[in-house]
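A short write-up of the structure that comes next.
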Amino acid sequence: MKKLLVTGSSGLIGSEVSTYFAQEGWHIHGLDNNQRAVFFGPQGDTRWNQDRLTQALGNRLTHHEFDIRDRSSILELLHEISPDAIIHTAAQPSHDRAAEIPFEDFDTNAVGTVNLLEAARRNCPEAPFVHLSTNKVYGDRPNQIRLKELKTRWDYDDPNFSNGIPETFTIDQSKHSLFGASKLAADLMVQEYGRYFGMPTCALRGGCLTGPNHSGVQLHGFLSYLVQCNLENREYKIFGYKGKQVRDNIHSLDVARFIHAFIEAPRCGEVYNIGGGKNNACSILEAFKMVEAFSGKAQRFNYEESNRIGDHVCYYSDLSKIKRHFPQWDISISLEEILRQIVEATERRSS
């Protein structure tokens, strides 16, 4: 039986890929110490998801209560397991929170990734290594693209970006946030281990990765947190850009499906922008209306003129490269279906 190591296995993507690959016959070694609860408090706690996975996967899951910053433990674990593939989703995921905890952010995102890469190089260099990076590696440079203001959203007003942001877009000389910088350091090391050592690695620069098992909080988890606010009649705070800022949204299952495709046909040192693309993009104002249609509740919100530092006005992924390299893969779950699932799951957990 093939062995898969998943870091951050109790998080959104980690739990999705654990379930997906277990159904494909793999044994899952899940690594998670619920650090999200430390970063974000009780709302970020993922133990409920760990319990759900344990019940669902049974003896197909072995849980490891490790911290990826613990270098010696990571080296020992990979020596012991020697996995057939590694999916690295563990991270400090908020650019706002990173400014408050810069050491913890960098040690988790950058140093933790190097710990895993070197442990893989020493013990299983042939195992595909998939790293969940972020579109924040592009910093705020997307904001320099000419934009047009529409009734409910901003959009690109430059034909070169009619399909979104490609992987060739610059990552240099921009404001990333400390989170974006630590994730960029990890992204580059994933590329370097692939190109320098010939290891099968890739960095997936995600847009808004989402789904019904997301523990969204104000600082991270756009759609999940928005739905929580709607269903609990709490105010959602909009930070600048008139609420017309745009994000593309991809269901965690579609991410898992792509990771499977990469593991089946890996490349060395690749980067891919992975998000919902233009068809699954929406603004905050548009998301309000879609959620209201499913929940039947009006969205309460307040507006703060100041935007988040380094935040994108408009971002959606150009999926041309990922589809060219893996033509069998495509988005399979629409934005409307994603929101329906999040609303139903959130209602179910709160009942």
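Data overview
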read-out: Elements of type helices (runs of 4 or more DSSP H) contained in segment 259-351, each with 3 or more residues being more than 26 Å from Leu231 (Cα to Cα); value: 320-325
read-out: Segment 216-246 - residue that is under 19 Å from the mean Cα position of the chain (by Cα) and in a loop (DSSP other than H, G, I, E, B) and, of those, modelled with the lowest pLDDT; value: Leu219
read-out: Hits in segment 128-187 - residues which are surrounded by fewer than 16 Cβ atoms within 10 Å (Cβ to Cβ), assigned to a strand (DSSP E or B) and acidic (Asp, Glu); value: Glu149
read-out: Flag for Gly296 being on the phi > 0 side of the Ramachandran plot, at pLDDT 95 or above and surrounded by fewer than 17 Cβ atoms within 10 Å (Cβ to Cβ); value: yes
read-out: Residue list for segment 144-179, filter: within 15 Å of Val246 (Cβ to Cβ) and aliphatic (A, V, I, L, M); value: Ile145, Leu147, Leu150, Ile165
read-out: The listed residue being within 13 Å of the chain's Cα centre (by Cα), of a type outside the set (A, V, I, L, M, F, W, C) and modelled with pLDDT under 95, out of Asn249, Asn273, Asn213; value: Asn213
read-out: Residue in segment 42-55 that is closer than 23 Å to Leu178 by Cα, among the polar types (S, T, N, Q) and surrounded by fewer than 16 Cβ atoms within 10 Å (Cβ to Cβ) present; value: yes
read-out: Meets criteria (of a type outside the set (A, V, I, L, M), closer than 30 Å to His95 by Cβ and either in contact (Cβ under 8 Å) with a residue 40 or more places away in the chain or assigned to a helix (DSSP H, G or I) (or both)) for Asn59; value: no
read-out: Residue tally, condition more than 20 Å from the chain's Cα centre (by Cα) and either of a type outside the set (A, V, I, L, M, F, W, C) or modelled with pLDDT under 95 (or both), over segment 74-101; value: 7
read-out: Cross-chain or 6+ apart pairs with Cβ under 6 Å, segment 12-32 first and in contact (Cβ under 8 Å) with a residue 40 or more places away in the chain and of a type in the set (S, T, N, Q), then in a helix (DSSP H, G or I) and surrounded by fewer than 24 Cβ atoms within 10 Å (Cβ to Cβ); value: Ser15/Asn49
read-out: Residues of segment 33-42 satisfying the condition of being in a helix (DSSP H, G or I) and either in contact with a strand residue (DSSP E or B) (Cβ under 7 Å, 6 or more places away or on another chain) or not aliphatic (A, V, I, L, M) (or both); value: Gln35, Arg36, Phe39, Phe40, Pro42
read-out: Sole exception among (1) more than 27 Å from Arg324 (Cβ to Cβ); (2) part of a helix (DSSP H, G or I) for Asp67, by number; value: (2)
read-out: Single residue of segment 285-308 satisfying the filter (out of contact with any Ser or Thr (no Cβ under 9 Å at 6 or more places or on another chain) and hydrophobic (A, V, I, L, M, F, W, C)) that is farthest from Lys242 (Cα to Cα); value: Phe294
read-out: Total residues in segment 68-119, condition touching a helix residue (DSSP H, G or I) at 6+ places or on another chain (Cβ under 7 Å), closer than 28 Å to His214 by Cα and of a type in the set (Gly, Ala, Ser); value: 7
read-out: Test: residue in segment 43-50 that is charged (D, E, K, R), modelled with pLDDT under 95 and assigned to a loop (DSSP other than H, G, I, E, B); value: yes
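Okay, residues lined up against (1) in a strand (DSSP E or B); (2) aromatic (Phe, Trp, Tyr); (3) in contact with a His (Cβ under 9 Å, 6 or more places away or on another chain); (4) within 20 Å of Asp45 (Cβ to Cβ):
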| site | (1), (2), (3), (4) |
| --- | --- |
| Leu77 | no, no, yes, no |
| Ala90 | no, no, no, yes |
| Phe103 | no, yes, no, no |
| Thr113 | no, no, yes, no |
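The values are calculated or read from the model by the stated rules, or taken from the named source; none is laboratory data. The shown structure was predicted, so the numbers you read here are calculated from the model rather than taken from an experiment. Here Cβ is always computed from backbone atoms with ideal geometry, including for glycine, and neighbour counts include all displayed protein chains.
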